[in-house]
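The values are calculated or read from the model by the stated rules, or taken from the named source; none is laboratory data. Computed from a predicted structure; not experimentally measured. Quick reminder, even Gly has a Cβ in these numbers, built from the backbone with ideal geometry, and neighbours come from all protein chains shown. Please note that ligands, DNA and RNA were not included when accessible areas were found on the heavy atoms of the full protein model with its side chains. Shrake-Rupley method; radii C 1.70, N 1.55, O 1.52, S 1.80 Å.
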Amino acid sequence: MSNETIQSLAGQEYKHGWTSNIDADQLPPGLNEGVVRAISAKKHEPEWLLEWRLKAYRHWLTMTEPTWQKPTYPKIDYQGIIYYSAPKKKKEITSLDEVDPELLETFEKLGISLDEQKRLSGVAVDAVFDSVSVKTTFREELSKQGIIFCSFSEAVTEQPDLVRKHLGSVVPFTDNYFAALNSAVFSDGSFCYIPPGVRCPMELSTYFRINSAGTGQFERTLLIADEGAYVSYLEGCTAPQRDENQLHAAVVELVALKGGHIKYSTVQNWYPGDKDGKGGVFNFVTKRGIAHENAKVSWTQVETGSAITWKYPSCILKGDNSVGEFYSVAVTRDYQMADTGTKMIHIGKNTKSTIISKGISGGHGDQSYRGLVKVMKGASGARNYSACDSLLLGDKCGAHTFPYIESQNASAVIEHEASTSKISDEQIFFLRQRGLSAEDAVSMIVNGFCKDVLSELPMEFAVEAQKLLGLKLEGAVG
Amino acid sequence: MTKPLLEIRDLHVAIDGTEILHGIDLSINAGEVHAIMGTNGSGKSTLTKAIAGHPDYTVTSGDIIYKGKSIVAAEPEDRARAGIFLAFQYPVEIPGVSNMYFLRAALNAQRKARGEAEASGADFLALIKEKAKLMDIDAGLLNRSVNEGFSGGEKKRNEILQLAVLEPTMAVLDETDSGLDIDALKTVATGVNSLRSPGRSFLLVTHYQRLLNHIQPDFVHVLLDGRIAKSGGKELALELEEKGYAWLEQAV
Amino acid sequence: MTTQTHNSLQLAIDAFTPPSAEPAWLSELRQDAADSFTALDVPTIRHEDWRYTNLKPLLALKLAAAARAPITLDDLKPWLIDGADDIRLVFVNGFFDGTLSRIPALPEGVLIAPLSQLFGGDEGLPGKLARFADHHAQPFTALNTALFTDGAYIRAGRDAVLDAPVHVLYVSTGGQINAPRTLLLAGENAGIALVESFVGLAGESRFVNAVSEVMLASGANVRHAKLLRDPAASHIGWNEVRQDRDSAYTHHSISLDAQLARHNVNVMLAGEGAACTLNGLVLGNDTQHIDNHLVVDHMRPRCTSNQLYRSVVDGKSRSVFSGKVIVRPGAAGTDARQQNNNLLLSDDARAETRPQLEIYCDEVKCAHGATSGQLDPDAVFFLRSRGLDTRQARNLLTYAFANDVVEHIKMDAVRQHLEEVMHERFHGLLGE
């Protein structure tokens, strides 16, 4: 009984698998210095950025692809990927009326209205389609408070000093294979700067959509909360259904200066591949934040899509009293694989970190939590608490927990707990005895299991996340 | 003669291929309170699970007729929606799901299935507050996860709270009295007594007579080795209290 | 890829000649192991399983070949265990010392002897030795298999029960490379207890490369303690255990002294209902580096495993714990628990921990926990408020922390002995 329920829940079809028919301005597949130069030229970038890209590219050439992760995947042909694809623009866009209607429709269909009038509440959106930012809403309103929210490309032109100062400061291009690749070929992404003491009045969000076939998505996001500033930022992702795997290798850098607070939320729903594991997005992302004195970096992620999710949103707790948080729900079903978790690097005194990870595996899904808590010698009074729970919804899935705990300071206190369990038949029977359908019973149990993480999401995203988790909670207290 | 609300006919039930109930006959009319007593392992819990439709309990022969229809093939939620309620001997914990949220979801699932209007947030809040007061349940418990971290007494009271909110036609209470101190027992009994009505029947499964001091049954049945060994009025419970079960075993 | 350091161990293999003539099967086994060693790389910290333990200093040691050395009973005294020494096998640098050993009359079905006396006999060693210690996969197992000169053989046949523990002492002297080897076979419903002491006096740095194989037939019960007390040793030990249906295995790994230690314990729960308990204690000081690496493989349904490892690190010492529980598809009803607690007593001490779960089956109960921290200041304060001075308070709490592991040892004589050792140790460990 419960198995069928789980099957039906686990078997829900991907709803964003359609494609849009939009003319694209593309570079031919392949990667060499010429391609890096061409991307830079297309974006009219200054010389220093081109140099930086080239350095990253040359460094990438010296690196080898890592193999320590749990998911295995077919060899990626880096010469077969299109590194730049943009919807063709007829002219410079100054208002929404001038955006390709097909594009607008694409985002409407995804539930992302780019029309500021139509937005229900204060959420500013930067919509990224394939390689470029399509439209950023509410820019003017935000700029009244000195907040800069724009596409990365625009930031390079308009805020060159800020970009130059912080680009690569948290994730240097030498960091890892995919970060190096991203640094060489990144096309666009979002940029945000919150000036000292300003609390950003609305949720900022970026919506990523891969559309063109054969393209890789290499966006770059940089958020800076200046001293005492606060921002809550959301990221959503979908992609069409295609038989071949698509590579998404993004880099996100967060800089929280003294007393700054960045809350970064992700609802990731890239195409996961079909029931037999064919196709789907390889989501290989490097996300890291640095927290200076009294600053806070908080990651919340709901990872439901992608054939392979492989990422560790991390916090470098550099300043004294800084705080890092990581809340994660990851769902793997069919043949999805996930190797995700976080790194908390405690450098400053009295730094604190919290890790709450919830993994749900069904079908042939295979999932690993991998997390590093590292307390450096000077991090007196550091505290970490980690709890990683896995819920299994079948007998062919896997759930693994690989924490790495490294303490070099005697005054640090680190606690890690983990558990793995299956969904209990008695719980399902109890809920059915009270009149709930088997599906609703499973949904309710799963929802309860994830509650600690979902409650960290901003309200709008929490609702979307619940839907994504296959939770049909009509008629219940909302 | 009116038809019984629940009629059990020559019911045989097995778990994992082992037969536990060897032919139970029982008839409960609307408004009646029946008590089932018996030693551990006599099949009391099995009977309650079979009525509620637990998937691990297989009806191998016989029938359960509820409101004139056989329900042995019905899903547990369909039985619940038709008004059958089981108070669990070991209430289940559901981490992360608040009691309030769960109860409203359950109530509305049942109302919707019966074609009734669903309870709005405000109506539900008023309803649950009233019932919680009746059951002497701390409002704080309503916002906590279902049964998580509840004491034994709180869990049992929470079962009766669900009973009060869901207002079933046929309530089956599986050893709701076990593990309760006398105050909690009184609270539970008060709750049950207040819910007695001409249209609602109760089947109380208990190991001890003491619950029946507080809830007066119309009929008492003794279950022994998967069969009903004796039936009688409430005086049978007192007799059992006095003599134990051994004399019945000899009688069988 | 063969490195220079690899070659120095290679030289030890190349230079090896068996102490006496050997049967063909053993020569072939050694040759096969030698070939594997040549083919395998000595792991570096780039290898995931070795990321916290750097073998470079070990590989830089100048090591002499194992050679006999004279040892007296007086020399052994500190390591003897009152009440657990009635049955004793002593090996010095890998060579059996008959005069120091004691093998009394044993119950029927029990055989305890040096391996070397059985190479050519009818005990069936060719099919039993090196059966589960895979020298094709592990370079150090290969090295041991190529180099071992002798070792302890303990066999308890069907239904044979030996209450008194068997104490095997592997004594190392001088700057040699030693390859102790133990083979324990417990037949159906047999019961036996083994204490392996790896001991040595301070002196030239040495390399002790040990392999133990333990096999439990269905219903067998084995208690196994491993005591490491060799301040001059770099010790790499492989303990390979295979358990059949309903067998019970308990392992206590107590690291009291070593320069560098790496204990690998691999348990295959290969029969339904098998249970294992793995406990360990590390008392580290100075620049000691102690690495415990456990893998428990739940291959069959309804097996249970329980790991409790604790380390107390002082000075510049470092402890590493890596415990992996694997639950195979179909291993329903698995109950696995894993706990690692680390107590850091100094600013320069370090503890690394990796409790890992790898689960491919849904019908399981698995949980793990790890903590790392210092003594609870509130507890210290509480004890001071009751009249203890700071040092005494810290000693008491540290002892209690460590004793949580020792008190699980059901071999009374061993437990009492360790409690005495700890009493003595904590004075020095915490300083005046």
Nearby lysines by direct alpha-carbon distance to B:K3 (threshold 17 angstrom, same-chain neighbours under 8 apart not counted): B:K67, B:K69
Total charge dipole magnitude, the protein assembly as shown, about the Cα centre, Cβ charges on Lys, Arg, Asp, Glu only, Debye to nearest 20: 1440 debye
Distance (nanometres) between label positions extended 7 Å along Cα→Cβ at B:V92 and A:S424: 0.9 nm
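Give me the net charge for the shell around B:P4: Cβ to Cβ below 12 angstrom, other residues only, Lys and Arg +1, Asp and Glu -1.
On the way: positive: B:K3, B:R9, B:K67; negative: B:E7, B:D25, B:E32.
Charge balance near B:P4 sits at 0.
Just the number please: accessible area per residue for segment B:191-252, 1.4 Å probe, all protein chains included, in Å². Kindly include the intermediate steps, with their values, before the conclusion.
Values: 3040 Å² over 62 residues.
So segment B:191-252 comes to 49 Å² accessible per residue, rounded to a whole number.
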Segment B:137-156-segment C:117-176 distance, computed between alpha-carbon centres (Å): 58 Å
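With solvent modelled as a 1.4 Å probe, how much accessible area in total do chains C and A shield from it at their shared surface, in Å² to the nearest 100?
Working: alone 17550 and 19420 Å², together 34300 Å².
For C against A, buried area totals roughly 2700 Å².
What is the extension gain from C:A24 to C:E424, computed as 0.36 nm multiplied by their sequence separation minus the C-alpha to C-alpha distance, in nm to one decimal? Please list the in-between numbers first.
Details: separation 400, 0.36 × 400 = 144.00 nm, distance 4.92 nm.
Gain on stretching C:A24 to C:E424: 139.1 nm.
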Set of lysines with alpha-carbon distance to A:K55 below 22 Å, sequence-local pairs under 8 removed: A:K42, A:K43, A:K165, A:K287
Anchor B:K243: lysines whose Cα lies under 16 Å away (excluding residues fewer than 8 positions away in-chain): B:K230, B:K234
C:A15 versus C:V161: modelled label distance in nm, points set 7 Å from Cα along the beta carbon direction: 5.0 nm
Cut-off under 5 Å, modelled amide H: who pairs with B:R227 long-range: B:H22
Stokes-Einstein diffusion coefficient of the protein assembly as shown, Kirkwood radius over Cα pairs, 10 °C, 1.306 mPa s, in µm²/s: 47 µm²/s
Pairwise centroid distance, computed over Cα atoms, of segment B:6-74 with segment A:331-373, Å: 46 Å
Positive-end residue of B:L166, B:I228, B:L180, charge dipole of segment B:131-252 with Cβ unit charges: B:L166
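What pairs in A:K377/C:K226; B:K129/B:K186; A:K70/A:K343 have C-alpha atoms more than 25 Å from each other? Walk me through the intermediate numbers first.
Values: A:K377/C:K226 33 Å; B:K129/B:K186 20 Å; A:K70/A:K343 17 Å.
Going by Cα-Cα distance, A:K377/C:K226 fall outside the 25 Å limit.
Any chance you could tell me what percent of the C-alpha pair distances in segment B:136-178 go past 13 Å? Mind showing how you got there, number by number?
Values: 490 of 903 pairs.
Pairs farther apart than 13 Å: 54 percent.
With every protein chain present, what is the per residue accessible area of segment C:4-271 (1.4 Å probe, Å²)?
So segment C:4-271 comes to 37 Å² accessible per residue, rounded to a whole number.
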At least 40 Å² of accessible area lost relative to the chain alone, listed for segment B:50-66 with a 1.4 Å probe: B:H54
Chain C pair-distance distribution - Cα-Cα, 10 Å bins, rounded %: 5, 22, 33, 27, 11, 2, 0, 0
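Apply 1/(1 + (r/R0)^6) to the Cβ-Cβ distance of B:K133 and B:N40, taking R0 = 25 Å, and write down the FRET efficiency to the nearest 0.05. Don't jump to the answer; show the numbers that get you there.
Working: r = 35 Å, r/R0 = 1.40.
E between B:K133 and B:N40, to the nearest 0.05, is 0.10.
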Principal-axis tilt of helix B:182-195 within chain B, Cα atoms, nearest 10 degrees: 80 degrees
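Among A:K358/C:K324; A:K311/A:K396; A:K275/A:K358; A:K358/B:K131; A:K275/B:K112, which pairs are too far apart, with a Cα-Cα distance over 28 Å?
Working: A:K358/C:K324 20 Å; A:K311/A:K396 24 Å; A:K275/A:K358 23 Å; A:K358/B:K131 35 Å; A:K275/B:K112 34 Å.
From A:K358/C:K324; A:K311/A:K396; A:K275/A:K358; A:K358/B:K131; A:K275/B:K112, over 28 Å: A:K358/B:K131; A:K275/B:K112.
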Cα lying deepest toward the dipole's positive end in the protein assembly as shown, options C:H252, A:G394, C:L375, charges on Cβ: C:L375
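Based on the Kirkwood radius over alpha-carbon pairs, what value in µm²/s does the Stokes-Einstein equation return for the translational diffusion coefficient of segment C:376-432 at 20 °C and 1.002 mPa s?
Details: Rh = 12.1 Å.
In µm²/s, the coefficient rounds to 178.
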